[in-house]
Amino acid sequence: MRQANILYNSLFCGLLTETNDGTFTFQYDEDYVKEYPNQFITFTMPVRKEEYKDKRLFAFFEGLIPEGWLLDIASKNWKINPNDRMGLLLACCQNCIGAVSVQPIELQDE
């Protein structure tokens, strides 16, 4: 399992998880839902209490990953398979252009 804290304008807004079976979930933080019910990270994922769940990395997060020559450099530099979308997101998107950043969580069993 791999996880990341998702920050919106430097505020913790939710948790992105890739489970061991390859399922992806995004859960807005309970406090964020209460305090910022209209400050969604993307139109396709409005703020709500229920988690989002999919078999693929959510399109919004896919869009944060570099493309083209920059993807090639990132993949080779960090030795990450270009098809490992969560790995690339965790490695490359800690300081993205825009309001959202991805902060990897180091799990103890890794």
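The values are calculated or read from the model by the stated rules, or taken from the named source; none is laboratory data. In this text, all values refer to a predicted model and were calculated from it rather than measured experimentally. Positions of Cβ are backbone-derived with ideal geometry, glycine not excepted, and every protein chain shown enters the neighbour counts.
Assorted remarks:
- Matching residues in the range 50-65 - criterion: being more than 23 Å from VAL33 (Cβ to Cβ) and crowded, with 17+ Cβ neighbours inside 10 Å: ILE65
The rows are residues; the columns are (1) surrounded by 12 or more Cβ atoms within 10 Å (Cβ to Cβ); (2) more than 14 Å from VAL102 (Cβ to Cβ).
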{"residue": "GLN3", "(1), (2)": "yes, no"}
{"residue": "GLY14", "(1), (2)": "yes, no"}
{"residue": "GLU18", "(1), (2)": "yes, no"}
{"residue": "GLY22", "(1), (2)": "no, yes"}
{"residue": "GLN27", "(1), (2)": "yes, yes"}
{"residue": "PHE43", "(1), (2)": "no, yes"}
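- Residues in the range 29-41 that are more than 18 Å from ALA99 (Cα to Cα) and either touching a residue at least 40 places away in the same chain (Cβ under 8 Å) or not basic (Lys, Arg) (or both): 2 in all.
- The range 32-65 - residue that is among the aromatic types (Phe, Trp, Tyr) and within 24 Å of ASP21 (Cβ to Cβ) and, of those, farthest from the chain's Cα centre (by Cα): TYR52
- When the range 12-21 is filtered for residues that are within 14 Å of the chain's Cα centre (by Cα) and more than 14 Å from PHE61 (Cβ to Cβ), the ones remaining, listed by number, are PHE12, THR19.
- Some residue of the range 15-28 being at pLDDT 95 or above, in contact with a helix residue (DSSP H, G or I) (Cβ under 9 Å, 6 or more places away or on another chain), charged (D, E, K, R) and in a loop (DSSP other than H, G, I, E, B): no
- Scanning the range 78-100 for residues that are surrounded by fewer than 17 Cβ atoms within 10 Å (Cβ to Cβ) and among the small types (Gly, Ala, Ser), we see that the one that is modelled with the highest pLDDT is ALA99.
- You will find that of ASN83, ASN5, ASN77, ASN9, the residue that is out of contact with any helix residue (DSSP H, G or I) (no Cβ under 7 Å at 6 or more places or on another chain) and under 21 Å from LEU107 (Cβ atoms) is ASN5 and no other.
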